[in-house]
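Chemist: First the structure, then my questions, so here it is.
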Amino acid sequence: MFFYVVAGVTVGMGLYCAISRGRAKSPRRPRPSLIFTVMYWLYTKTRVGYWYHHHLLTKAREKYPDGHSVTSAVTFGDLKVQPVAIISDNYSYVVMNTNRRIAVVVDPSDPEAVQTCVKQEGVQLAAVLTTHKHWDHSGGNHALKRMFPGLPIYGSATDGVPALTNPVVDGDVIQVGGLQFQVLSTPGHTVGHVVYQLDGAPFQAPNSLFTGDLLFIGGCGRTFEGDAATMLKSLEKVSSQPDNTIIWPGHEYTLENLLYGETIDGDNESIREKLRWTKDRRKAKMATWNDLPGTVVTAPTVESYRARLEACLHFVPRGCPSTVGDEKQHNVFLRTRDMAVAEAVGMATRRLTGVTEEFQAGVLAALRERKDKFKIST
């Protein structure tokens, strides 16, 4: 342990100097602090990160024996998606073809929780899909590989995913037990972050995107290993998908994201409506999925929310988190062209030259910087 800390500090300081020199001229990404650079290197490049993840996992199992949020499976014919609430706010997903009794798990940070789900469902785990290397998404890869010999572990060829057996690149197609996923390269949060698009057509369902730490309900991930321009392209790759594409995010960040969004675009009725609905759900520890069984939200709130969604043709299927179309309405990080958003972050005057990619990247950078400093008032 001591060796890793000493080595991490030494190498981290060298990394910091190199990173700082290379980024000093970039206005789109603030220079990282020395402490952050060292800690991030320790977390992502050494066993210290895994040990820290395991510590958090152990504490979370004690605090949330049934998971941090109430979730429910969603079915479309033979397709079943079971969210698994892990650690303090993560989600893994067990995606099943119930006819073939085959399952794929996305981002299995807690191998025990995944194994329990697979046993309860009576399915065979056939593959692991990892969106990126961070331990809260990949921490169960090694253990699952031991539990299920020969289990393929998919992940980016450039991201350093633990226990990787099947590296993937943009456009690759993964077929497992009648489930077909397309890989979309979405760097920014990490250098090799990917998302997985599940083809819903065989099940008469919309497509699904498992977005890891790229896109959340009402928000997006931090740019740890990229700049705003890179993140913008990744977000646009997702937002260009059909509006009815279901979004399955990697974290339960909805309340904080919408509270922040309200400070940026407080006149947006879509944000206000979604925020009211979210507050009710989180009081009861409900996942911010649409209309889960046992919801405690009031009927007028539910009906008005449904009416708005249906009017916008972005209705979120029952039990699902969100859709691409819905996120375009209440997620300020997908609205970098919007004048109200640009004005809120002091970028409106720069729009005189037109809405260019550089302008949008500037808006996104400003949004991200403000979000990183945002605190929920108590």
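Chemist: For q = 0.10, 0.13 Å⁻¹, what log10 I(q)/I(0) does segment 67-378 give under the Debye formula with an equal point scatterer on each alpha carbon and no solvent?
Modeler: Log10 of I(q)/I(0), two decimals: -0.53, -0.91.
Chemist: Under 8 Å for C-alpha pairs, at least 6 residues apart: give me the relative contact order for segment 67-378, rounded to a whole percent.
Modeler: On the way: 654 pairs, mean separation 42.3, N = 312.
It comes to 14 percent, rounded to a whole number.
Chemist: If you average the alpha carbon positions of segment 106-142 and of segment 151-218, how far apart do those two centres end up, in angstrom?
Modeler: If we compute the Cα centre of each part, the gap is 14 Å.
Chemist: Report ³J(HN,Hα) in whole Hz for each residue of segment 198-206, in order, from the Karplus equation J = 6.51 cos²θ - 1.76 cosθ + 1.60 where θ = phi - 60°; Gly and Pro get x.
Modeler: Going residue by residue, I get 8, 6, x, 3, x, 10, 6, 10, x Hz, with x marking Gly and Pro.
Chemist: Can you give me the distance in nm between label points at K63 and N207, each placed 7 Å from the Cα along the Cα-to-Cβ direction?
Modeler: Here the answer is 3.7 nm between the modelled labels.
Chemist: Which entries of K80/K283; K80/K274; K59/K375; K133/K371; K45/K119; K63/K133 show an alpha-carbon separation above 30 angstrom in the structure shown? Don't skip to the end; give the middle numbers.
Modeler: Details: K80/K283 27 Å; K80/K274 26 Å; K59/K375 24 Å; K133/K371 23 Å; K45/K119 33 Å; K63/K133 25 Å.
Table pairs above 30 Å Cα-Cα are K45/K119.
Every number here is computed from the coordinates shown, using simple stated rules; none is lab data. As the structure is a prediction and not an experimental result, all values here were calculated from the model. Glycine gets a Cβ as well: all are built from the backbone with ideal geometry, and neighbour counts include every protein chain shown.
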